Amino acid sequence: MILSDRSILQAISEGDVVIEPYDRSCLGTNSYDVHLSKHLACYVDEVIDAKSHNQVEHFEIASDGIVLNPGKTYLGSTVEYTETRQFVPFLEGKSSVGRLGIDIHATAGKGDVGFCNHWTLEISVSQPVRVYAGMPIGQLIYFRVEGEVEVDYSCKKSAKYNHRTPKPVESMMWKNHF
């Protein structure tokens, strides 16, 4: 079941959802709008190796924006830091962003109960497009969890994305055993 605006407000007041900074005007009927931060990153090497810790180059979006080009993976992040304690957060792109040919996540749209961080965006574009820091980029939707969670994400020893940072985080696939 998706939380309504009133349910999201109640979850915030009870500390089960944290959004910083919070702006009431970003609350929709059943979602909360998040914004593109000034932080971007791209992988340094042309070939990315799933078994290696691939290095990224971090850079910032200037006030006049930046043009993103097809054929490259851009890692971005949300301005908003979020926490969820009782709900499963899903991040989806806004329809206005999709209509510009921008995808904000390749596969990682679902968060976990206990996820506490800025969201890293896996941005790709279908044609060159100029983006700006602070622009609305996506929306968070919250789902109720059936049953009690045994160990939330923030307490898992295997969690790879628990270090709080406003910058996008590269893939930690190399920490898996395969």
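The values are calculated or read from the model by the stated rules, or taken from the named source; none is laboratory data. Because the structure is a prediction, the values reported are computed rather than measured. All Cβ positions, glycine included, derive from the backbone under ideal geometry; neighbour counts span all protein chains shown.
Worth pointing out:
- Any hit, region 92-100, residues being touching a His at 6+ places or on another chain (Cβ under 6 Å) and either within 25 Å of Glu20 (Cβ to Cβ) or in a strand (DSSP E or B) (or both): no
- Qualifying residue in region 107-119 (condition: of a type outside the set (Phe, Trp, Tyr), more than 23 Å from Arg85 (Cβ to Cβ) and surrounded by 17 or more Cβ atoms within 10 Å (Cβ to Cβ)): no
- Single condition Glu83 does not satisfy, out of (1) under 23 Å from Arg24 (Cα atoms); (2) assigned to a loop (DSSP other than H, G, I, E, B): (2)
- Residue identified as closer than 30 Å to Asp49 by Cα, surrounded by fewer than 19 Cβ atoms within 10 Å (Cβ to Cβ), in contact with a strand residue (DSSP E or B) (Cβ under 7 Å, 6 or more places away or on another chain) and modelled with pLDDT of 95 or more among Ser124, Ser154: Ser124
- Among residues of region 78-105, those that are among the basic types (Lys, Arg), closer than 18 Å to Ala11 by Cβ and touching a strand residue (DSSP E or B) at 6+ places or on another chain (Cβ under 6 Å), counted: 0
- Residue within region 82-99 that is surrounded by 15 or more Cβ atoms within 10 Å (Cβ to Cβ), over 23 Å from Arg164 (Cα atoms) and charged (D, E, K, R) present: yes
- The set of residues in region 135-151 that are under 23 Å from Ser31 (Cβ atoms) and surrounded by fewer than 18 Cβ atoms within 10 Å (Cβ to Cβ) comprises Met135, Pro136, Phe143, Arg144, Val145, Glu146, Val149.
- Asp112 being of a type in the set (D, E, K, R), in contact with a Gly (Cβ under 6 Å, 6 or more places away or on another chain) and touching a residue at least 24 places away in the same chain (Cβ under 8 Å): no
- Matching entry among Val18, Val34 (being surrounded by fewer than 18 Cβ atoms within 10 Å (Cβ to Cβ), part of a strand (DSSP E or B) and either touching a residue at least 60 places away in the same chain (Cβ under 8 Å) or of a type in the set (A, V, I, L, M) (or both)): Val18
- Residues that are surrounded by 11 or more Cβ atoms within 10 Å (Cβ to Cβ), among the hydroxyl-bearing types (Ser, Thr, Tyr) and either at pLDDT below 95 or farther than 16 Å from Thr120 by Cβ (or both) within region 37-77 comprise Ser52, Thr73, listed in sequence order.
- Among residues that are touching a Lys or Arg at 6+ places or on another chain (Cβ under 7 Å) and within 18 Å of Tyr32 (Cβ to Cβ), Pro136 is included.
- Here Glu80 clears all of (1) touching a Gly at 6+ places or on another chain (Cβ under 7 Å); (2) over 23 Å from Asn54 (Cβ atoms); (3) at pLDDT 95 or above; (4) of a type in the set (D, E, K, R) except the condition numbered (1).
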